[in-house]
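Trainee: Pasting a structure here, questions to come.
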Amino acid sequence: MSAPDDYLDRKATLGRLVCDIATEHGFPACEVDVNSADHLASGSIYLTVTGTSAEAGDDGQVGRGNRVNGLITPCRPMSLEAAAGKNPVSHVGKIYSVLARQIAEAVVAEVKDVRHAECLLVSQIGAPVTRPAIVAVNVVMPDNRRAPEVRKAIEAIAADRIARVPALIEDFVSGRIELF
């Protein structure tokens, strides 16, 4: 078996194993992508020796307070991405940090009775920044009201802000967005 064939075989085996484990733990509908940056048609396989981009000189070491809001928030959701110096066109850590904040702020401002909102955006390697793999918005509402009552409004706000990502990127490039 050739090295590329062995790699592809191991990749498929790993994907099946992850799906099997997910099924055993109550997740019967499972989709797994292993090394989604691979482009087999062009012969490009994304492999690194260490499993990180550090070997290419991109070790990402920056100050702990370099979040888009300047805060370190223990016991509360936060991105570990530091946006300073990152590519404003393609770096999802930079783009999604600002986008998540915009979505949360819009939900609080526009949805009646939402007192607090947190937004989690997750990307997939190789997917466009305009298509997050996961968009999760958690809200706090008064008097034990349930979030399903406002779900459609929240989904509409998130979809609207995601549709505006090209304009957000243009705002980064032109310097209209301040991060700190």
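Trainee: Filter the stretch 48-64 for residues that are surrounded by 10 or more Cβ atoms within 10 Å (Cβ to Cβ) and farther than 30 Å from Arg101 by Cβ; which is modelled with the lowest pLDDT?
Mentor: Residue satisfying both the conditions and the ranking: Glu55.
Trainee: Restricting the first residue to the stretch 144-158 and requiring it to be in the same structural domain as Gln102 (by TED's automatic domain parsing), which pairs with a second residue that is part of a helix (DSSP H, G or I) and among the β-branched types (Val, Ile, Thr) meet a Cβ separation below 6 Å and a spacing of at least six or different chains?
Mentor: What qualifies is Ile154/Val107; Ile157/Val107; Ala158/Ile103.
Trainee: If you don't mind, there's one more thing I want to ask. State all residues of the stretch 1-40 that are aromatic (Phe, Trp, Tyr) and under 22 Å from Gly126 (Cβ atoms); if no residue qualifies, say none. Outline the logic, then answer.
Mentor: First pass over the stretch 1-40, keeping only residues aromatic (Phe, Trp, Tyr): 7, 27.
Of everything in the stretch 1-40, just one residue is aromatic (Phe, Trp, Tyr) and under 22 Å from Gly126 (Cβ atoms), namely Tyr7.
Trainee: Among the residues of the stretch 65-94, which ones are modelled with pLDDT of 75 or more, in contact with a Ser or Thr (Cβ under 9 Å, 6 or more places away or on another chain) and among the aliphatic types (A, V, I, L, M)?
Mentor: Correct list: Val92 only.
Trainee: Check off (1) of a type in the set (Val, Ile, Thr); (2) closer than 29 Å to His39 by Cα; (3) buried (at least 19 other Cβ atoms within 10 Å of the Cβ) for Val107 and give me the number that stays unchecked.
Mentor: Failing condition for Val107: (2).
Trainee: How about the stretch 142-163: which of its residues are modelled with pLDDT under 90 and of a type in the set (A, V, I, L, M, F, W, C)?
Mentor: Once the filter is applied, which keeps residues that are modelled with pLDDT under 90 and of a type in the set (A, V, I, L, M, F, W, C), the stretch 142-163 yields only Ala147.
Trainee: Right, another one. Which pairs have Cβ atoms under 9 Å, sit 6 or more apart or on different chains, and link a residue in the stretch 103-115 that is more than 12 Å from Val137 (Cβ to Cβ) to one that is surrounded by fewer than 14 Cβ atoms within 10 Å (Cβ to Cβ) and of a type in the set (Ser, Thr, Tyr)?
Mentor: none
Trainee: Continuing with this model, one more query. Would you confirm whether or not the stretch 117-135 contains a residue that is surrounded by fewer than 13 Cβ atoms within 10 Å (Cβ to Cβ) and in contact (Cβ under 8 Å) with a residue 60 or more places away in the chain?
Mentor: Yes, the stretch 117-135 contains at least one residue that is surrounded by fewer than 13 Cβ atoms within 10 Å (Cβ to Cβ) and in contact (Cβ under 8 Å) with a residue 60 or more places away in the chain.
The values are calculated or read from the model by the stated rules, or taken from the named source; none is laboratory data. Please read all numbers here as calculations on a predicted model, not as lab measurements. Note that we place each Cβ from the backbone using ideal geometry, even for glycine, and neighbour counts take in every protein chain shown.
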